[in-house]
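The values are calculated or read from the model by the stated rules, or taken from the named source; none is laboratory data. Since the structure is predicted, the reported quantities are computational estimates derived from the model, not experimental observations. Neighbour counts run over all protein chains shown; Cβ positions are idealised from the backbone, glycine included.
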Amino acid sequence: MKNIKKKIYKFIDLFAGLGGFHLALEQYAQECNCECTCVFASELKEDLRKLYAENYPGTRIEGDITQIKPEEIPSHDILCAGFPCQPFSQAGKQQGFNDEKNRGNLFDYICAIVKYHRPKYILLENVSNLKGHDHGNTWAVINQRLLDLDYDVPEPAILSPHQFGKPQHRKRIYIVAVDRNQGGIGNFRFPEATNKKCDIKKIINDKDPNYMHLKPETRRQLEVWQKFIDETIAHGHEIPRFPIWAMEFGADYPIDIAPAFNTPDKLIGQRGKLGRVITEGNLSDCLVQLPNYAQTNKTRVFPKWKIRYISENRRFYKENKEWLDEWLKEVMRFENSHLKLEWNCGKCRSYKIEDKIVQFRASGIRIKKPDYSPALNLVGTQIPILPWIKLPADTLKDGEPSKGRYMTVTEAAKLQGMGSLSFGSLSQGRCFEALGNAINVEVVKEIVKNLLNNGK
């Protein structure tokens, strides 16, 4: 029988982070009986470079890519880059190529490397917002630059691990380009969603000892919000589909004009945050007595969505004032963000927070079904909470809840397909930050299967 020559691919891993591209290609090679060798990697952050070297020994890893000339990089078949997403992210200033830290211009260095080495394949990842950033101009520039380099560029895909049965909702844009002089795009198609059932509990290890406890106050706040849900249902209502802003319960300050553009006499005597009467003072004194989202505004009139949410919450309060007034006594000292609740579960069999995934965000407390995790976020305070997990009694300090904890680093790594990684001496917070910024291994592997097999 004639021996089939094993395919060999050399790749580089730019802005490497934890090495999501590296892992994906390595795993693909094992599954498809080929060789994928990383000949160069770059990562700006020193602690992640050190960790990368530990996890991928023998791989050349450098720092700032802007300080490395294209000719200093080894030749390669595949260029992988998860170039910085902050200039295009909805969570940032969205400055794009005009980013004040020049992160938007890092794409120029990718193009310079491509021009010099002519890799057959280019595989890029970024936030889903990149496609629509600057009314589509950002993507138009990226697309044209790749076309000018004589690469075929199919329409990019926005994919998430949950579409392939992996329990994380994390939409990212994936861009593929193939050198026209080396065959072009051929029959390549981005992978279609399998829509396999997701279950977050598959990645949860109840026995993982390296967890963060819930603060007693955090647990108490969840219990208070559970009481709200129970009372809402008991009084014949569905859980509101709009974000619940408890700060508006009892409020009647005027919203036809944004309060920051109003005068003190129009606000004094009205009811502000949590229905408290706005007392005398200047405009600044009045504004601090309002919900935080009502204190400032760039324009004279609130946006329509804000007016709608305020109005819906005030209406809900008027319909349920009888029991809400008593409930409000329990939330008076909550932080602003903890006075907001998003019930993202719709109608379901159980209306217990206890068996849902919880995330404390700047926009409020978010409750989700336990099918899949919300996207891991760079901010460590947004680590998902798993309220149902029972904790060993001998690990508890006085007053600590016996149930519920934050997701562990190991579990978060599994969500990104990085369960095999070592995190060395990285702090817990730094681990979550790195994982929140990481490339999802499982999604990339699905793309690579189609790309390197040319759609076969």
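Go through (1) under 25 Å from the mean Cα position of the chain (by Cα); (2) under 17 Å from ALA112 (Cβ atoms); (3) without any contact (Cβ under 8 Å) to a residue 24 or more places away in the chain for CYS80 and report which single condition fails.
Only one criterion is unmet by CYS80, namely (3).
Restricting to the range 109-145, and then to whatever is among the aliphatic types (A, V, I, L, M) and in contact with a Leu (Cβ under 9 Å, 6 or more places away or on another chain), can you tell me which residue is farthest from TYR9 (Cα to Cα)?
Here is the first cut: in the range 109-145, the ones among the aliphatic types (A, V, I, L, M) are 110, 112-114, 122-124, 127, 130, 140-142.
Checking the rest, the ones that are also in contact with a Leu (Cβ under 9 Å, 6 or more places away or on another chain) come to 110, 113-114, 122-124, 142.
On the way: ILE110: 19, ILE113: 17, VAL114: 16, ILE122: 13, LEU123: 14, LEU124: 17, ILE142: 25 Å.
Among those residues, the one meeting the criterion is ILE142.
For the range 184-201, give me the residue count where each residue is at pLDDT 90 or above and assigned to a helix (DSSP H, G or I).
1
Each row is one residue, and each column tells you yes or no for (1) part of a loop (DSSP other than H, G, I, E, B); (2) modelled with pLDDT under 90; (3) of a type in the set (Phe, Trp, Tyr).
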position	(1), (2), (3)
ALA91	yes, yes, no
ARG103	yes, yes, no
LEU124	no, no, no
HIS135	no, yes, no
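Looking only at the range 340-359, which residues are surrounded by fewer than 19 Cβ atoms within 10 Å (Cβ to Cβ), within 17 Å of the chain's Cα centre (by Cα) and under 23 Å from LYS414 (Cβ atoms)?
ASN344
Here is a check on your reading of the model: is GLY183 more than 30 Å from GLN428 (Cα to Cα), small (Gly, Ala, Ser) and touching a residue at least 60 places away in the same chain (Cβ under 8 Å)? Explain how you work it out, then say what you get.
Details: more than 30 Å from GLN428 (Cα to Cα): yes; small (Gly, Ala, Ser): yes; touching a residue at least 60 places away in the same chain (Cβ under 8 Å): yes.
Spelling it out, GLY183 is indeed more than 30 Å from GLN428 (Cα to Cα), small (Gly, Ala, Ser) and touching a residue at least 60 places away in the same chain (Cβ under 8 Å).
Which one of these is part of a loop (DSSP other than H, G, I, E, B), without any contact (Cβ under 8 Å) to a residue 24 or more places away in the chain and surrounded by 14 or more Cβ atoms within 10 Å (Cβ to Cβ): GLY269, GLY281, GLY250, GLY236? Explain how you work it out, then say what you get.
Numbers: GLY269 fails: surrounded by 14 or more Cβ atoms within 10 Å (Cβ to Cβ); GLY250 fails: without any contact (Cβ under 8 Å) to a residue 24 or more places away in the chain; GLY236 fails: surrounded by 14 or more Cβ atoms within 10 Å (Cβ to Cβ).
Exactly one residue qualifies, and that residue is GLY281.
The conditions are (1) part of a loop (DSSP other than H, G, I, E, B); (2) in the same structural domain as TYR317 (by TED's automatic domain parsing), and GLN221 fails exactly one of them. Which is it?
(1)
Yes or no: SER337 over 12 Å from VAL224 (Cα atoms), of a type outside the set (A, V, I, L, M), surrounded by 13 or more Cβ atoms within 10 Å (Cβ to Cβ) and at pLDDT below 95?
On the way: over 12 Å from VAL224 (Cα atoms): yes; of a type outside the set (A, V, I, L, M): yes; surrounded by 13 or more Cβ atoms within 10 Å (Cβ to Cβ): yes; at pLDDT below 95: yes.
So SER337 passes the test.
Working carefully through the options LEU290, LEU328, LEU324, find the one that is closer than 30 Å to PRO216 by Cβ, buried (at least 17 other Cβ atoms within 10 Å of the Cβ), modelled with pLDDT of 95 or more and more than 32 Å from the chain's Cα centre (by Cα).
Numbers: LEU290 fails: more than 32 Å from the chain's Cα centre (by Cα); LEU328 fails: more than 32 Å from the chain's Cα centre (by Cα).
Criteria check complete, one pass: LEU324.
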